[in-house]
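Have a look at the structure below before the remarks.
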Amino acid sequence: MTSPTGDVVVCDASPLIVLARVEQLELLRKLFRNVYAPPAVWSEATGDATAPGADVLLGASWIRVRAPGVVPASRLGLGEREAMGLAAELSAVLVVDDGAARVEAVALGVRITGTLGILRRAKREGLLAAVAPTVSRMRAIGLRASDALVEALLRDVEE
């Protein structure tokens, strides 16, 4: 299965959890035809059903859990490695925020975006009226994004 137009994404745990916690998980469903998470990512995001956002994720039956055929060797965690392997296998965009994982994914030839990239696309496609309030909520619950990165995003979406 290939995804030359970016209609398939594979998500790492952090973006799933953050989007679920700020009630924006549906953006993935609206932006992409197919949304995947590998088993280790799904376990990390939903293994504790009482963790913030887990209930939202468990109710998102449209997220497909699928194991990759090959898991790249790396010092990264199993979830990130499975996500990279599955994204490569599906020619999908990998939604990942971790800096080291982003570097390794690009080295493997995997296209990447992050949680803020999802917000940018949602704003451009008319799914979000404003990005700034959502970014503020995300940062309040622990999304690590530099001020410079957030300012560049807000300039890009003209906020």
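The values are calculated or read from the model by the stated rules, or taken from the named source; none is laboratory data. Please read these numbers as outputs of a predicted model, since none were measured by experiment. All Cβ positions, glycine included, derive from the backbone under ideal geometry; neighbour counts span all protein chains shown.
Out of (1) more than 17 Å from Ile141 (Cβ to Cβ); (2) surrounded by 14 or more Cβ atoms within 10 Å (Cβ to Cβ); (3) of a type in the set (Gly, Ala, Ser), the odd one out for Gly47 is which?
Here Gly47 meets the rest and fails (2).
Just to be sure before I move on: is Ala49 part of a helix (DSSP H, G or I), farther than 14 Å from Thr113 by Cβ and free of Cβ contacts under 8 Å to residues at least 60 places away in the same chain in the structure I sent? Steps first, answer last, please.
Details: part of a helix (DSSP H, G or I): no; farther than 14 Å from Thr113 by Cβ: yes; free of Cβ contacts under 8 Å to residues at least 60 places away in the same chain: yes.
No: the conditions fail for Ala49.
Going by what's in this entry, would Val71 be described as in contact with a helix residue (DSSP H, G or I) (Cβ under 7 Å, 6 or more places away or on another chain), outside any helix (DSSP H, G or I) and touching a residue at least 24 places away in the same chain (Cβ under 8 Å)? Give the steps one after another, and end with the answer.
Values: in contact with a helix residue (DSSP H, G or I) (Cβ under 7 Å, 6 or more places away or on another chain): yes; outside any helix (DSSP H, G or I): yes; touching a residue at least 24 places away in the same chain (Cβ under 8 Å): no.
No, not satisfied.
(1) modelled with pLDDT of 95 or more; (2) closer than 22 Å to Arg120 by Cβ; (3) touching a strand residue (DSSP E or B) at 6+ places or on another chain (Cβ under 7 Å); (4) not small (Gly, Ala, Ser): which one isn't true of Arg33, the others all being true?
Looking at each condition in turn, Arg33 falls short on (1).
Would you point out which residue out of Leu94, Leu90 is under 20 Å from Arg144 (Cα atoms) and modelled with pLDDT of 95 or more?
On the way: Leu90 fails: under 20 Å from Arg144 (Cα atoms).
Residue meeting the stated conditions: Leu94.
Would segment 58-66 turn up any residue that is modelled with pLDDT of 95 or more, part of a loop (DSSP other than H, G, I, E, B), in contact with a Phe, Trp or Tyr (Cβ under 9 Å, 6 or more places away or on another chain) and among the basic types (Lys, Arg)?
Yes, that holds for at least one residue.
Output the qualifying pairs, or none if there are none: Cβ atoms under 6 angstrom, residues six or more apart or on different chains, first residue in segment 27-42 and assigned to a helix (DSSP H, G or I), second residue among the aromatic types (Phe, Trp, Tyr).
Correct list of pairs: Arg29/Trp62.
Scan segment 20-42 for residues that are in contact with a Pro (Cβ under 6 Å, 6 or more places away or on another chain) and of a type in the set (S, T, N, Q) and report the count.
0
Could you run through segment 66-86 and say how many residues are closer than 16 Å to Val103 by Cβ, in contact with a Lys or Arg (Cβ under 9 Å, 6 or more places away or on another chain) and not hydroxyl-bearing (Ser, Thr, Tyr)?
Qualifying residue count for the region: 2.
Would you list the helices (runs of 4 or more DSSP H) that sit entirely within segment 76-149 and hold 2 or more residues that are in contact (Cβ under 8 Å) with a residue 60 or more places away in the chain, in contact with a helix residue (DSSP H, G or I) (Cβ under 7 Å, 6 or more places away or on another chain) and surrounded by 14 or more Cβ atoms within 10 Å (Cβ to Cβ)?
Details: elements: 78-90, 99-107, 115-124, 132-140.
The helices (runs of 4 or more DSSP H) meeting that bar are 78-90, 115-124, 132-140.
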